[in-house]
Amino acid sequence: MSPILFWLFSFLMLGFGVLVVLHRNPVASALSLVVSFLGLAVLFVSLDAYFIGIIQVLVYAGAVMVLFLFIIMLLDLKAEERRSWNPVALAGGIFVTLGFAALLIKVLHRFPDADKPFPPISGNLSQMDDVHHVGLTLFTSYNLPFQVIGVLVLVATIGIVVLSKKELK
Amino acid sequence: MEVTLNDYLLVSGLLFTIGFGGVLLRRNIIIIFMCLELMLNAANLSLVAFSRFNLSADGLPNYNGQILVFFIITVAAAEVAVGLAIIVALYRARQTTHVEDINTLKF
Amino acid sequence: MALPWIILFSPLISTLLILFVTKSSRTLSSYISVAAVLVSFFASAIVFLRPDPTTPNQFLWLDFNVLQVPIGVTIDQLSKAMLLVVTTVGSLVHIFSLGYMAEDEGKSRYFAGLSLFMFSMLGIVLANNFVMMFIFWELVGVSSYILIGHWFTKNSAAAAANKAFITNRLGDFGFMLGILMVWAASGSVEFAKVSQTWHGLHLSPLYLATAAILVFCGAVGKSAQFPLHVWLPDAMEGPTPVSALIHAATMVAAGVYMLCRVYFLVEASPEAQNVIAWIGTITAVMAALMATQQNDIKRILAYSTLSQLGYMVLAVGLTGHDAAMFHLFTHAFFKALLFLGSGAVIYAMHHEQDIWKMGALQKKMPFTFVTFLVATLALTGCPGLSGFFSKETILGVAYEHNQAIFWLALGTAFLTAFYMFRLVTVVFFAPGKSDHASHAHEVPSVMTIPLVILGVLSFIGGYSFFAERFLTLPHEAGFGFVTLLAIAVFAVGAVVAFVLYNGKKQDPISIPLFANKFYIDEAYAFLIKWTQDLLACYAAWFDRWVLDFGIVRWVFAGGTYSIGLVLRFLQIGNLQAYAFIFGAGVIAIIYYILFIVKP
C-alpha cells in the first residue's frame, strides 16, 4: 500500500482517537471513536486482512459503538461541565502517557528487522481467499476455543439480563 | 519508501498510549470505557501486522494472529456489553457517572 | 553353661507369673516367689562348686561399629561369692516374709517386687559389661522404688520412694558419664577387655581420676555415701524384710561390688582412691554420730548400715577389694539378721517402731533376743565373731595407709558399739515401757528359723576356714596394736552404753544436731527450693518481658500494625489512581526487563 494512504489513514485514526479523549460531549466522543475504527479497518485491509477489516466494521463500529450510544442515550448524559483539573492526576496521566510513548520508540529502535518491507504473499489467494483460510484455521485448529467463545457470549448475555433487571418493588 | 512493520507497530503503540492516557485523564466512566476499547484495538492492529509479516510455510500470512484478533473482538464485544450493564446498574445506584464520586471502597 | 542364665531368669519368670497369672491368689504368688529364689540359690551353689568357665558366656545384643554391647555372665571368684551372698540372704528374707507379710493386702505385689529385685540384683552381679550393669543398676533402683513404696497410701512412704529413686538417679548420672568416658578412651564396654587395656592407654591422670570418680558416683548413689546418703534412712518406710534384703545386705552393697568389679579403674588413679577413701570415712563418721540419737529401731539400723558401707568404701579407696568384699560378706549376714530381728520385734509389738516404747523383751522373745545379740556382737566387733575379723582387717589396712583415717575409723567403731548397745539395752533389757511390750510374745517359727540360720552364719562367717572358701582374704589378721585397740574400743563402748541406758525410760542425752541428721535434708530442701524459685523467677521475667512484651507486642503485633498502617494508604478508592499505579508499574517493569537485564 502506498505510504501516503497509510499515513493518511493512520493520522485519521490517531487524530480521532485524540478527539475521543478530548471531547467533553460523550456523544461526540462516541462518534469520533466510530471514525477511528473505520480508519483502523482500512489499515487492516492494507495488511491483506480483509476478513478482520470487515469484522472490525461490522462488530466494533456497527454493534459495539451502537451499544455505547444506546447507553449514553439511556443515561441521558449531558456534556460535562468543566471541573477543575486535579494537578496531581494531570501530572500523573501525562507522565504515564509520555513514558509509554518514549518506551515504545526505544523498543522499536531495537528491532531493526522490522525495517524491512513486508514480504510479498506468494501463496495462492485466488482459489481460496482470505476468508476461507481464516475459516479453515478457525474451525480446525481452534474449534474448541470457538465453542468456548460461544458459551462466553451466552454467559455474558445472561449476565447482562440479570444485571439490568430493575428491582420490582 | 515502503511501509514497514515498524511503522505499523509505531502507530499501534501510539494508539495504545492515547487510549491509556484517556483512561487516566477522563472522569466520565463511559469515556473511560471507550478509551479502553481503543487500547484493545491497538493490540489488534499489532497482531494483524505481525500476522502479515510472519509468512507461514506456504507463503500465506500466519493466520493464527488473525484468529486471535477474531477472538479479541468477540470477547471485547461481550465485555463491553457486560461492562455497560454494570455501569447502568451503578448509575441507578449512585446517579452519577463521575469516576471520582465512586470512591467509598477506601481506607 | 546355662546355669547362670537359670540363676538370672528364674526370679524374672516368677515376677511375670505373679503379675500376669496369679495376682489374685496371694498365697500362690508368695510360694512362686520363694520357689524361684530357692532355685536361684541351688543353682548358685552348683555354679560355685564348679570351676570357673574359661570361655565367655554371652550373646551380642547391640552391634554398632563403635559400640558393641553383649549380654553375658561373668563367673569368677568375686561373682560366685556375691551370688551366694545374694541368693542366701534373699532366700531367707523371702521365707521370713511369708510370716511377716502374711496378712498384707498387697502380698502378690510385694512378692512380684521382691522377685524383680532379685532378678535385677543378680543381673548386676553377673553382668560382664558396663552397659548391662547399668541397665540392671537402674532396674534395681526401680525395684527399690516399688518396694519402699509398697504401702503407697501412706504419704511418707510414697515420698520416701521418690526420694530414693531421685537420689539414685543423681548418682547414676555420674555413673553414666563415667561409663562414657571409659568407652571413649578404650572403645569397649566389656570389663574383661577394658581391664586388660586400661593401663596401656596412657591417659592423663586427670582423665583417669575423673573417670574413676564419675563411676564412683554410681556407688555414692546406690550405696548411700555422703552426700547422697539422704535416701537410706527414709527408705525404712518400706516393710522390714525389704529393708533387710535391699537396704542392708544386697542393693546397697551393689555399689561396693561394682567398685570391686571395676577396680582396675580405681587403682589407676591415686587421686580417685583418695577421694573414695575420704568419702567413705566421712560417711562412716557422720552416720555413726547420727545413729546415737535416733529413736526408731529401723532408723538406727539404717544409719548403722550407712556407717558400715562407709567402712567398705574407705577400704576400697585405701587398698583394694579384698578387705571390702570381706566386710561386705560378713556385713550382709549380720545386718540382715539385725533387720529381720527388728522385724520380728516390730511384728511382736504390733508394728510399733519406737524403741522407747519397747522393753524387757529378753524373756518374752528368746530366739529373737539371742540372735539379735549375736548379730550386735558381730557388728560391733566382738572378738570371735565374723564382724571382728572383717572390721579389724579394715582398721589394719587404714593404719597402714592413712593414719588420720585410721583414728576416725577407730572412733566410729567406738560409736558403733555405743549406739548398738544403746539399742539392745533399751529394747531388750530395760523394763517394758508400754502395753505392747508387756504383751509381746515370740514370733512364729517361719520367722525364727531364718533368724537362727543367719545367726550361725554371723558367727562363723569370719573364720578363715569358712571365708576362704569364698574369698581371698587379705593378710592374716594377727594380734597386734590395732587389734588390741579395736577390742578396747568395743568393750568401752558397750559398757558405757549399758550403764547409761539401763533402766531409763527416755533418752538421757539429747543432741539435736545428730538427732536431726545434721540438718542435711533441710539444706537440700532449701537448695532445691531456692534453685527452683530462681529459675521460676527468671522464667516468669523472660515470659513477661521478652516473650510477651518484646516479641509478641513489639515484633508481631507492632510489626503487623505498622505494615498495615503503611499498606492502608494504598487503598485510595480512586479508580484512576489505581490505573496510574498500574501503568507506571508496567512502564517500570518493561524498562527494567528490556534495558537493564539484557541491554
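The values are calculated or read from the model by the stated rules, or taken from the named source; none is laboratory data. Owing to the predicted nature of the structure, the values given are computational and were not obtained by experimental measurement. Neighbour counts run over all protein chains shown; Cβ positions are idealised from the backbone, glycine included.
Things worth noting here:
- Candidates are the residues of region A:35-70 that are within 22 Å of A:Ser2 (Cβ to Cβ) and among the hydroxyl-bearing types (Ser, Thr, Tyr); the one that is modelled with the highest pLDDT is A:Ser36.
- Taking the criterion of being within 10 Å of chain B (Cβ to nearest Cβ), of a type outside the set (Val, Ile, Thr) and under 22 Å from A:Leu8 (Cβ atoms), the residues of region A:51-62 that qualify are A:Gly53, A:Gln56, A:Tyr60.
A quick yes/no check of all residues on (1) among the small types (Gly, Ala, Ser); (2) in contact with an Asp or Glu (Cβ under 6 Å, 6 or more places away or on another chain); (3) not in a helix (DSSP H, G or I):
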position: C:Pro4; (1), (2), (3): no, no, no
position: C:Ile13; (1), (2), (3): no, no, no
position: C:Leu19; (1), (2), (3): no, no, no
position: C:Thr22; (1), (2), (3): no, no, yes
position: C:Ala35; (1), (2), (3): yes, no, no
position: C:Leu38; (1), (2), (3): no, no, no
position: C:Pro70; (1), (2), (3): no, no, yes
position: C:Ser79; (1), (2), (3): yes, no, no
position: C:Thr88; (1), (2), (3): no, no, no
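- Per the listing A:Leu8, A:Leu40, the residue uniquely closer than 30 Å to B:Leu60 by Cα and either within 7 Å of chain B (Cβ to nearest Cβ) or touching a residue at least 12 places away in the same chain (Cβ under 8 Å) (or both) is A:Leu40.
- Each residue in region B:31-63 was checked for being more than 23 Å from A:Leu108 (Cα to Cα), more than 16 Å from the chain's Cα centre (by Cα) and more than 7 Å from chain A (Cβ to nearest Cβ), and 2 pass.
- Index of the failed condition, B:Glu2 passing every other in (1) farther than 22 Å from A:Gly92 by Cα; (2) part of a helix (DSSP H, G or I); (3) at the interface with chain A (Cβ under 7 Å from one of its Cβ atoms): (2)
- Members of region A:48-92 that are buried (at least 17 other Cβ atoms within 10 Å of the Cβ) and in contact with a Pro (Cβ under 8 Å, 6 or more places away or on another chain): A:Asp48, A:Ala49, A:Ile72, A:Leu77
- Test for B:Gly13: is it closer than 23 Å to A:Ile52 by Cα, part of a helix (DSSP H, G or I) and under 17 Å from the mean Cα position of the chain (by Cα): yes
- For C:Phe518, the conditions (1) touching a Phe, Trp or Tyr at 6+ places or on another chain (Cβ under 9 Å); (2) part of a helix (DSSP H, G or I) are fulfilled apart from (1).
- Among the residues of region B:73-107, just one is part of a helix (DSSP H, G or I), within 17 Å of B:Arg26 (Cβ to Cβ), more than 12 Å from chain C (Cβ to nearest Cβ) and without any contact (Cβ under 8 Å) to a residue 12 or more places away in the chain, namely B:Tyr91.
- From the options C:Pro70, C:Pro56, residue that is under 23 Å from C:Ile135 (Cα atoms) and crowded, with 16+ Cβ neighbours inside 10 Å: C:Pro70
- For region C:218-263, a residue qualifies if it is of a type outside the set (A, V, I, L, M), over 11 Å from the mean Cα position of the chain (by Cα) and assigned to a helix (DSSP H, G or I), and the qualifying residues are C:Pro233, C:Asp234, C:Glu237, C:Thr240, C:Pro241, C:Ser243, C:Tyr257, C:Cys260, C:Arg261, C:Tyr263.
- Residue match in region C:550-568 (condition: in a helix (DSSP H, G or I) and in contact (Cβ under 8 Å) with a residue 40 or more places away in the chain): no
- Residue list for region C:346-370, restricted to those being among the hydrophobic types (A, V, I, L, M, F, W, C), closer than 15 Å to C:Met447 by Cα and assigned to a helix (DSSP H, G or I): C:Ile346, C:Ala348, C:Phe367, C:Phe369, C:Val370
- So C:Ala336, is it over 18 Å from C:Thr281 (Cβ atoms) and among the hydrophobic types (A, V, I, L, M, F, W, C): yes
- Residue pairs meeting the criteria (Cβ under 8 Å; at least 6 apart or on separate chains; first more than 18 Å from C:Phe130 (Cα to Cα), in region C:195-223; second assigned to a helix (DSSP H, G or I) and of a type in the set (S, T, N, Q)): C:Leu201/C:Ser186
- Close pairs from region A:63-80: first in contact (Cβ under 8 Å) with a residue 24 or more places away in the chain and more than 7 Å from every other protein chain (Cβ to nearest Cβ), partner buried (at least 20 other Cβ atoms within 10 Å of the Cβ) and small (Gly, Ala, Ser), Cβ under 8 Å, at least 6 apart: A:Met65/A:Ala30; A:Leu69/A:Ala30
- Considering residues of region C:92-109 that are among the small types (Gly, Ala, Ser) and crowded, with 21+ Cβ neighbours inside 10 Å only, the residue nearest to C:Val443 (Cα to Cα): C:Ser97
- Test: residue in region C:117-128 that is part of a helix (DSSP H, G or I) and in contact with a strand residue (DSSP E or B) (Cβ under 8 Å, 6 or more places away or on another chain): yes
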